[in-house]
Amino acid sequence: MMSRSFRFIWTIPLVALAAGFVGCGGAAKLPAPAERLPGKWRGEMIVYEETQAKLPTEQVAALSQMQYDFEFRADGTMALSGVNAGRAFTSEGQWHPVKQEGDLLTILSTEQNGAKKDIHIEFDGKDTFYIPVNAPPTPGAQMAELGAMRFTRFR
């Protein structure tokens, strides 16, 4: 009798462990970040708490109201529109991947005026990514990470 209950007690954890191994293989692997990027994205600014404590309230409010819409097209073209400091803007350009590692992607962005810059993107799944926002918190200060733009796919 004792050995039967002893066997039963060990059977439950073994079955649970086996079920865990079977369940782990079911998740689909996401495509590379450069393959996830094409689409239309809506971005909103997230100002870090430690940054909020260092900036005037008006500046935090202005940063929090920043909004951007990106369209990254599979052919390497892109469109950007948004509102910054109460002013609407639109821009066209080109993009191409420079580096990919895990969910991190660096693209080279070339705007219609010829300005080029690297943009660092961190994906969170398939339909969300973040771009860090760096700027001097006060005139003359060193660059600091103020927050991030969170982009969610909307088409």
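The values are calculated or read from the model by the stated rules, or taken from the named source; none is laboratory data. Note that the structure is a prediction, hence the values are computed from the model and not measured. Backbone-built Cβ (ideal geometry, glycine too); neighbour counts: all protein chains shown. With ligands, DNA and RNA removed, areas are computed over all heavy atoms of the protein, side chains included. Shrake-Rupley method; radii C 1.70, N 1.55, O 1.52, S 1.80 Å.
Brief remarks on what is shown
- For region 30-98: relative contact order, % (alpha-carbon pairs under 8 angstrom, 6 or more apart): 27
- Only lysines eight or more places from K40 in sequence, or on another chain, were considered; those with a Cα closer than 23 Å are K29, K99, K116, K117, K126.
- Residues in region 44-66 that a label on E145 would reach, taking backbone N under 15 Å of a point 7 Å out along Cα→Cβ: 46-52
- Computed E for L30/A88 - FRET, C-beta separation, R0 35 angstrom, nearest 0.05: 0.55
- Per residue, the solvent-accessible area of region 44-83 (1.4 Å probe, heavy atoms of protein chains only, all protein chains present) comes to 58 Å².
- Computed extension gain for A61 through F154, at 0.36 nm per residue and net of the alpha carbon distance, reaches 31.0 nm.
- When the residues T106, T90 are ordered by accessible surface, computed with a 1.4 Å probe over the protein chains alone, the sequence from largest down reads T90, T106.
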